[in-house]
1. Give me the Kirkwood hydrodynamic radius of region 20-173 in Å, from all C-alpha pairs, to one decimal place?
2. So for region 67-163, if I pair up every lysine 8 or more residues apart or on another chain, how many of those pairs have alpha-carbons under 24 Å apart?
3. For region 26-80, what is the convex hull volume of its Cα atoms per residue in Å³?
4. Over what distance in Å are the Cα centres of region 47-68 and region 104-163 separated?
5. Please compute the per residue accessible area over region 23-120 with all protein chains in place, 1.4 Å probe, rounded to a whole number of Å².
6. Full extension from Asn81 to Ala44: what is 0.36 nm times the residue separation minus their Cα-Cα distance, to one decimal in nm?
7. Using a 1.4 Å probe on the protein heavy atoms, what percent of the accessible area of region 23-125 belongs to carbon and sulfur?
8. Hey, rough spin-label estimate for Tyr165 and Phe100, points 7 angstrom out along Cα→Cβ, what's it come to in nanometres?
Amino acid sequence: PVAALAQTSVTIAETAPVVTLNITETVEAAPDIATVGTGVQTRAPTAQQAMRDNAAKMESLVAALARAGIAKKDIQTSGINLSAQYDYNNREGEPAGPRFLGYEASNQVMVKLRDIKRVGTLLDAMVAAGATNISGPSFAIDNPAPMLVQARGAALRTAKTQADYYAQAAGYRSARLLSIAEGNSGGMPPMPMVQSRFKAEAAADTPVEPGQVGSSVTLTVQYALER
């Protein structure tokens, strides 16, 4: 008998190593809008009176904002609250238990200010018009799209530089781009807002320093290292 001999040859292709980079780039610029929280609080013996008084004060505040040139679209209600208030401190000679003080109503709005140079003046105008609390300001760029384009370009350049470094350091000739994925992008989180409560009129020309704000882009980029 004749035996047939079959020979099988298997070739395993070499797989290039892959470098994955997470790159975040930020572009900073002077802000062109500021957001301020403001509102009024009132207290009265009855809930109805507290809400009525609060509405009158809020109307005065909104009217003052309109006179200052704030568009209606830039004023948004952020919260309306009504609650009973009690004094829990027991005094000598008084019955035990909490003492009813009345009802407290509050109405809060978020105001977008488009003239950065007037932020301090507008804060003072709010207090003069009856605002009992102010929070902010929080600064931002109204249209961050051009800044994000710059940040994307910078992130890609940084990724290429790092990939080339890894290729040369590992003994490879070049790095070939495989994929790009963009993560969450947008304005950097604002600094924590400072809460202020006014019991009297604030001094004129409150100083406000807008500083710089940034827009960030994060890219996940993969490169194949080739000999």
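1. 19.8 Å
2. 4
3. 111 Å³
4. For region 47-68 versus region 104-163, the Cα centre distance is 25 Å.
5. Value returned for region 23-120: 59 Å² of accessible area per residue.
6. Result: 11.9 nm gained on full extension.
7. That share works out to 49 percent.
8. Output for this residue pair reads 7.0 nm.
The values are calculated or read from the model by the stated rules, or taken from the named source; none is laboratory data. Being a predicted model, the structure only gives us computed values, none of them experimental. Cβ atoms come from the backbone with ideal geometry, glycine included; neighbour counts cover every protein chain shown. Ligands, DNA and RNA are excluded from the accessible area calculation, which covers all protein heavy atoms including side chains. Shrake-Rupley method; radii C 1.70, N 1.55, O 1.52, S 1.80 Å.
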